[in-house]
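What follows is calculated from the coordinates using simple rules that are stated; it is not laboratory data. Since the model is a prediction, treat every value here as computed from it, not as a measurement. Here the Cβ is made from the backbone with ideal geometry for all residues, glycine too, and neighbour counts use every protein chain on show.
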Amino acid sequence: MSVDQQTQGIILTEAAANKVAALAASEPDENLHLRIGVAAGGCSGLRYQLTLDDSDLDGDVAFEWYGVKVVTDRMSAPYLQGATIDFADTIEQQGFTIDNPNASGSCACGDSFN
Amino acid sequence: MSRVLVCSDRIGLADPVIASRAIASGFASVAPGGHQFAVVPLASSGPDLGAALSALGQETTLVTSGDPVDLGRRTRAAMDAGPGRLLVDLTPLAEATPDDIVGLLAGLGIDAATDDPGRLRGLGAAVDLLVILPGDQSAHRLLGLEGVAARLGYAAGRPVADVLAEDAELARRASDWGVEDAPGLGAAGGLPLVFAALGGRLLSGFAACVAAARLTETLSRCDLVVVGTDTFTIGNFGGPAVLGLAPLASERGIPCLALAGSVDISVREVRRHGIEAVQSLAGGGTLDADAIREASARVARTWLA
């Protein structure tokens, strides 16, 4: 895993950035970016929401890694400071993973945390 | 000689005041003159709460409704009637949403779009306002990811933009009315925000009874706590009265005995939550004061020997 060093905010690994770019390229819409949010729910209390969209909401916080933009809304931003989004495609794990230093616990599926 | 604190919620046909007195009477009949009893009714909402607070020396005017506009009208009428203590029970509006704030304001005679924020604040100047929150919502906050807009909005599948807009609107209202976010403000769809702007104090029915009775002071001087409730199951764990009182007794090292109209929970679960034992009064919803008194006396013989 390689990570372009930025001091704070949400971190996107090169593997994750490449995957986002590939997914965005397959969509008809242009100017898509990765949006990550946190919402109440899931088995551990809070859950992540990952989408590709082109929305620009008031208060959005954005970072760019390897030419890919990752955005979160103002409500979710405090919960994602320093979180790393990676992409794995191995026999043990497939898909985006989120390593969040703010999470004190998480469920086995990795989609929910507290 | 033991000092026994007897607290009860409604049991069967007996409201909290009658049930508490019946339990104490039953216990006292077994040990006349040998023990001291303090009796405190506990209720979470509605007329039972009004009766409990009245028995505890706090005369209140109770206002409640399942419709926010009607609640606003009733509250305004009660405030206009003159100074006094007003109890607004929000438990029928536990499923309200932030959209209902406009209706509540309309009922109060406030135009949400045009009226000066100070007009709302001035309405409640002469009234001691207590706002009873739905029991399981006392910790709900108004704003942010754990606030009412996010909690209800994401559960309903609303877009992020809509949730953020509603959260921002609530923040604006709170700022205009000089109210800071706090636990309970996000209960009942955020309706407590309006009552906080009126100067209201937010609390659960149980907390209102505890405050009225100065219960924590009494607890520190008693040797045994007896709490009554209608049903005691693994699902409700005895309801608000037991859930609230058991930890207070446990942290003071005071044994707590529960009496219930019907019991459906294991001994192990009961002990894990600080209750020494739960005894069935064997009557369920048909119990009246006499039956409660008689059943309590039977239980007391094994505890006050």
Problem set entry | Label-point separation in nm, A:Ala40 to B:Ser220, each point 7 Å along Cα→Cβ | 3.5
Seminar exercise, completed: The local net charge around A:Val71, scoring Lys/Arg +1 and Asp/Glu -1 for residues other than A:Val71 whose Cβ lies under 9 Å from its Cβ, equals -2
Exercise. When you count, for each residue, the other Cβ atoms within 10 Å and take the mean per peptide, how do B:112-124, B:146-158 rank with the highest first?
Worked result: B:146-158, B:112-124
Problem set entry | Bins of 10 Å from zero: percent of alpha-carbon pairs in segment A:11-103 | 16, 50, 31, 4, 0
For this session: Identify the GluC sites (Glu not before Pro) of segment B:250-291 meeting these criteria: DSSP loop state and at most 12 other C-beta atoms within 10 Å of the C-beta.
Result: B:Glu251
Exercise. So what are segment B:37-101's ellipsoid semi-axes, whole angstrom, largest first, if each one is the square root of 5 times an eigenvalue of the alpha-carbon gyration tensor?
Worked result: 25, 16, 7
For this session: Divide, for the protein assembly as shown, the radius of gyration over alpha carbons by 2.2 N^0.38 Å, where N is the residue count.
Result: 1.23
For this session: With just the Cα atoms of chain B, tell me how far they stretch along each of the three principal axes, in Å, largest first.
Result: 68, 43, 34
Exercise. Simple spin-label model, 7 Å along Cα-to-Cβ: A:Val61 to B:Ser29 in nm?
Worked result: 6.6
Seminar exercise, completed: Most exposed first, judged by fewest Cβ atoms within 10 angstrom, A:Trp65, B:Trp177 run B:Trp177, A:Trp65
Exercise. Taking Cα pairs under 8 Å and at least six residues apart, what relative contact order does chain B come out at, in percent?
Worked result: 24
Exercise. What FRET efficiency do you get for A:Glu27 and B:Asp67 if R0 is 56 Å and r is their Cβ-Cβ distance, rounded to the nearest 0.05?
Worked result: 0.75
Exercise. Tally Lys and Arg at +1 and Asp and Glu at -1 over the other residues with C-beta under 13 Å from the C-beta of B:Pro117: what net charge comes out?
Worked result: 0
Exercise. By per-residue mean of other Cβ atoms within 10 Å, what is the highest-first order of B:39-47, B:6-14?
Worked result: B:6-14, B:39-47
Seminar exercise, completed: Expected sort for B:223-229, B:253-259 on mean C-beta neighbours within 10 Å, highest first, is B:223-229, B:253-259
For this session: Could you work out the equivalent-ellipsoid semi-axes for segment B:135-247, taking the square root of 5 times each eigenvalue of the Cα gyration tensor, largest first, in whole Å?
Result: 34, 19, 9
Exercise. Once the convex hull of the C-alpha atoms of segment A:40-82 is built, how many Å³ does it hold per residue, rounded to a whole number?
Worked result: 99
